[in-house]
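Visitor: Sharing a structure below in structure tokens format, with a few things to ask.
Coordinate-derived values only; no laboratory data. Treat the numbers as computed from the prediction; the structure is a model and nothing was measured. Neighbour counts run over all protein chains shown; Cβ positions are idealised from the backbone, glycine included.
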Amino acid sequence: MRRMVAETRLDPADLILPAFVREGIGEPVAINAMPGVYQHTLDTLRKAAAEAVAAGVSGIMLFGVPEDAKKDAAGTAGTDPDGILQVALRAVREEVGDDLVVMSDLCLDEFTDHGHCGVLDAEGRVDNDATLERYAEMAQVQADAGAHVVGPSGMMDGQIGVVRDALDGIGREDVSILAYTAKYSSAFYGPFREAVGSSLKGDRKTYQQDPANSRESLRELALDLEEGADMVMVKPAGPYLDILAKVAESVDVPVAAYQISGEYAMVEAAAEKGWIERERAILETLTGIKRAGGQMILTYWATEAARMLR
Ligand code: PBG
């Protein structure tokens, strides 16, 4: 009876797997704060992508982790056609073709030695407009490397318009933009810093949103849509379900939510201690996100959850 009357149904196709690939390693490296998640080698990344396809997951979002020596102030490795993210995009496309929607994180933080999402000005502040120029170039190299979708995640003003123009400018109207529309300055990104070997000191409060604010998200949403976003995302997911519901009610484009590293770590840690039922808790968090309006869910459990649902 409960199954018959359920208002919300999770499907493997709702799920998108975020995955990390690290340059210069022979074996995958476990991420301590995210048990079960690894910095992949190109080989294990291919395997993970193939497993996601087999489980019915619909997409993968790639993050590149360059060698430390390749990080610099401008995040040059992010626009190098042979940079780790571009190499990974090509490898995954070769592995899965069009069976999985291949997405790339479009942000500089993994590639800068200061760890910020953009380039800095003389005073050490993130320079919004200089960063946009870097994002335009990143979008083009990611499209060339095979991304079906790019995900600008740096929260710079005007980033969606600049990325759209850059893609159209090289004849890639076919590459879609998943806009990180409402991205909050969150404590729950903690484990991600380890996952990408981030060198960030300080915080991202000058460009990410204040957890106290809701209306600001709708303004970001209007701007992203006007600039050409094809899909919009709220991030983190769990602590921002009200934002997700508001966004979902007010748009006619697909709405995504990103269940981030800290949300994953909390459940894994409590389950490891035997304090909660792991699988039930995983599906409950995902059901809550979908119920709130997240029709596409980025989650580190994507492949496992898809298997549970089958
Ligand atoms: C930016 C980016 C971040 C995450 C995804 N893209 C880090 C940040 O904005 O601080 C976090 C994802 C997670 O915590 O799982 N490149």
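Visitor: Sort S217, S199 by Cβ crowding within 10 Å, fewest neighbours at the top.
Guide: By the 10 Å Cβ count, ascending: S199, S217.
Visitor: Select from segment 44-143 those GluC sites (Glu not before Pro) which occupy a DSSP coil region and have at most 10 other Cβ atoms within 10 Å, ordered by residue number.
Guide: Of the GluC sites (Glu not before Pro), the ones in loops of segment 44-143 whose Cβ has at most 10 other Cβ atoms within 10 Å are E123.
Visitor: Here is a follow-up. What nm distance separates the two modelled labels at T206 and E7, each placed 7 Å from Cα along Cα→Cβ?
Guide: In this crude label model, T206 to E7 measures out at 4.4 nm.
Visitor: Quote to one decimal, in nm, the extra length available between I276 and D242 on full extension: 0.36 nm per residue of separation minus the C-alpha distance between them.
Guide: Residue separation times 0.36 nm, minus the Cα-Cα distance, leaves 9.8 nm.
Visitor: Tally Lys/Arg at +1 and Asp/Glu at -1 over every other residue whose Cβ is under 15 Å from the Cβ of R219; what's the total?
Guide: Result for the neighbourhood of R219: -4.
Visitor: Could I ask something else about it? Antiparallel as a % of all DSSP beta bridges within the chain, to the nearest 5?
Guide: Percent antiparallel among DSSP bridges in the chain is about 10.
Visitor: For the chain, what does -39500 (n - 2.57) per DSSP helix run (n ≥ 4), summed and divided by total residues, give at 222 nm, in deg cm²/dmol to the nearest 500?
Guide: -12000 deg cm²/dmol
Visitor: Using θ = phi - 60° and the Karplus curve 6.51 cos²θ - 1.76 cosθ + 1.60, what whole-Hz ³J(HN,Hα) does each residue of segment 266-277 get, with Gly and Pro shown as x?
Guide: Values per residue, Gly and Pro as x: 4, 5, 4, 5, 5, 5, 4, 7, x, 8, 9, 7 Hz.
Visitor: Another question, if that's okay. Under 8 Å for C-alpha pairs, at least 6 residues apart: give me the relative contact order for segment 2-309, rounded to a whole percent.
Guide: With pairs under 8 Å counted, the relative contact order is 20 percent.
Visitor: Could I ask something else about it? How big is the dipole moment of the chain about its Cα centre under a simple scheme where the beta carbon of each Lys and Arg is +1, that of each Asp and Glu is -1, and everything else is neutral? Debye, nearest 20, please.
Guide: 1240 debye
Visitor: Return the distance in nm (one decimal) between the two label points of a simple spin-label model at D43 and T76, each offset 7 Å from Cα along Cα→Cβ.
Guide: 3.1 nm
Visitor: Another question about this same structure. Along segment 140-151, what does the Karplus equation 6.51 cos²θ - 1.76 cosθ + 1.60 (θ = phi - 60°) give for ³J(HN,Hα), rounded to whole Hz, x for Gly and Pro?
Guide: Running phi through 6.51 cos²θ - 1.76 cosθ + 1.60 with θ = phi - 60° gives 5, 6, 5, 5, 4, 7, x, 5, 7, 9, 10, x Hz.
Visitor: Still on this structure: Quick one: length gained pulling E249 to E67 fully straight, 0.36 nm per residue minus the C-alpha distance?
Guide: This chain segment gains 61.3 nm when fully extended.
Visitor: Going by average Cβ neighbours within 10 Å, how do the peptides 263-270, 249-256, 169-176, 143-150 rank, with the highest at the top?
Guide: For the peptides 263-270, 249-256, 169-176, 143-150, the packing ranking is 143-150, 263-270, 249-256, 169-176.
Visitor: Right, something else. Once phi is turned into ³J(HN,Hα) by the Karplus curve 6.51 cos²θ - 1.76 cosθ + 1.60 with θ = phi - 60°, what whole-Hz value does each residue of segment 287-293 show in order, with x for glycine and proline?
Guide: 5, x, 5, 5, 4, 6, x
Visitor: Considering just Cα atoms, how many Å³ per residue does the convex hull of the chain enclose?
Guide: 131 Å³
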